[in-house]
1. For Cα extents along the principal axes in Å, several values are listed as [x] 56, 28, 15; [y] 59, 19, 5; [z] 74, 32, 10; flag the one computed from this structure.
2. With every protein chain present, what is the per residue accessible area of the chain (1.4 Å probe, Å²)?
3. What dipole magnitude, in Debye to the nearest 20, does the chain give about its Cα centre under +1 on Lys/Arg Cβ and -1 on Asp/Glu Cβ?
4. Among Gly49, Thr32, Ala11, whose Cα lies farthest out toward the positive end of the dipole of segment 11-60, if unit charges sit on the beta carbon of Lys, Arg (+1) and Asp, Glu (-1)?
5. Of Thr50, Thr22, Thr32, which is the most mobile in a GNM of the chain whose springs link Cα atoms less than 10 angstrom apart?
Amino acid sequence: MTPWIDEQLAALRREDFASAATAHRRAAAIPTSPSKWRLRLGRAIVRLGTWISEQSDPLA
């Protein structure tokens with residue numbers, strides 16, 4: 001390829017990497033605190049798992 005095409009391709013690659021980095025930074029800045037329903041669901045799942053683990057094994 002000609003040097004001009006190589007330069008253009010390199011510039012396009014740099015733009016792609018820059019936009020991907022910007023999107024990653026934006027996504028990382030979003031707070032990840034769970035909402036109330038997610039907390040309640042998580043607690044219910046933990047309680048259910050605890051209850052199941054405390055049950056006797058019917059096959060034993």
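1. Correct label is [z].
2. Details: 5900 Å² over 60 residues.
Spelled out: the 1.4 Å probe surface of the chain, per residue, equals 98 Å².
3. Values: 9 positive and 6 negative charges, 112 e Å.
Value, rounded to 20: 540 debye.
4. The Cα lying farthest towards the positive end belongs to Ala11.
5. Greatest mean-square fluctuation among the candidates belongs to Thr50.
The values are calculated or read from the model by the stated rules, or taken from the named source; none is laboratory data. As the structure is a prediction and not an experimental result, all values here were calculated from the model. Methodologically, a virtual Cβ is constructed for each residue, glycine included, from the backbone with ideal geometry; neighbour enumeration extends over all protein chains shown. The accessibility values were calculated without ligands, DNA or RNA, using every heavy atom of the protein model including side chains. Shrake-Rupley method; radii C 1.70, N 1.55, O 1.52, S 1.80 Å.
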